[in-house]
1. Mean shadow of the stretch 41-144, computed from the convex hull of its alpha carbons, in nm²?
2. Give the calculated FRET efficiency between Ala29 and Thr117 to the nearest 0.05, with a Förster radius of 45 Å applied to their Cβ-Cβ distance.
3. Over the stretch 1-150, with every protein chain in place, what whole percent of the accessible area is carbon and sulfur at 1.4 Å, could you tell me?
4. Using the Cα centre as the reference, give the magnitude of the dipole from point charges on the C-beta atoms of the chain (Lys, Arg: +1; Asp, Glu: -1; all else neutral), rounded to the nearest 20 debye.
5. Mind checking the dipole of the stretch 79-135: about its Cα centre, +1 per Lys or Arg Cβ, -1 per Asp or Glu Cβ, Debye to the nearest 20?
6. Please compute the modelled spin-label separation between Glu22 and Asp82, points set 7 Å along Cα→Cβ, answer in nm with one decimal.
7. Could you work out, for the stretch 14-57, what percent of all Cα-Cα pairs fall into each 10 Å distance bin, beginning at 0 Å and stopping at the bin that holds the largest distance?
8. Kirkwood hydrodynamic radius of the stretch 7-100 from all distinct Cα pairs, in Å?
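The values are calculated or read from the model by the stated rules, or taken from the named source; none is laboratory data. Every value quoted in this text rests on a predicted model; they were computed, and no experiment measured them. Note: ideal-geometry Cβ built from the backbone for every residue, glycine included; neighbour counts use all protein chains shown. SASA here: full protein model, heavy atoms, side chains in, ligands and nucleic acids out. Shrake-Rupley method; radii C 1.70, N 1.55, O 1.52, S 1.80 Å.
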Amino acid sequence: MDTMTPSVRTQQLWYLTTLGHEALLRALAPLKLPPSATHDPLVLAGQCLNADPIGHPEAHRAAEQVLAPMRGALTFTAAIPDEDDVSEHTGVVPVLERRQAGAVIGWYAELLLFEHTALLNKGAFRLSLMPGDRSWVVDSDFQPSGHPGTLRPFGSRRTGGKRTLLPPFLAELDRLTGQGPRSAT
């Protein structure tokens, strides 16, 4: 099986489209861009990532500022068995840290997933592991367009079914938390 890992540019584009989108909008706010310019997260991320530092310094600076967590990102590779095959995925973890919500302290992680064979953006997640949780819980996830599917703040009360990730991804997050908190922000 021919496998590829995602390029730095691919990782940056997916981060700006998903986990970094709100921060990118805040960084671009002084430019007072029309809603039509900021509506599509994927297009906006591409434009900011391609922004010339001389011709469009504000957009270039905004992208660089928002991409700060990616500079210290941790990565892993995980194999996911499927019916007749095994697919390899690269996980990119820009933020992994202990956070506090009220009186409760838990783990917070941001995770980008890429499937190797087609370099598909498999997912972008904000996850938490709070005391009493058996596993990491998905607080936020993003559609292929970059628009959010679920958005819950860290430490929010989680009722009903708690969505989580496949066991190989959970095992990697658990392994990384054993190394201690890390965040580039």
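1. Values: hull surface 35.9 nm².
Here the figure is 9.0 nm², rounded to one decimal.
2. Rounded to the nearest 0.05, the efficiency is 0.70.
3. Details: 3940 of 7490 Å².
The C+S portion of the solvent-accessible surface of the stretch 1-150 is 53 percent.
4. Working: 17 positive and 19 negative charges, 200 e Å.
The dipole of the chain has a size of about 960 debye.
5. That gives a dipole near 580 debye.
6. Computed distance between label sites Asp82 and Glu22 equals 3.2 nm.
7. Bins of 10 Å from zero give 27, 63, 10 percent of pairs.
8. With all distinct Cα pairs of the stretch 7-100 included, I get 14.8 Å.
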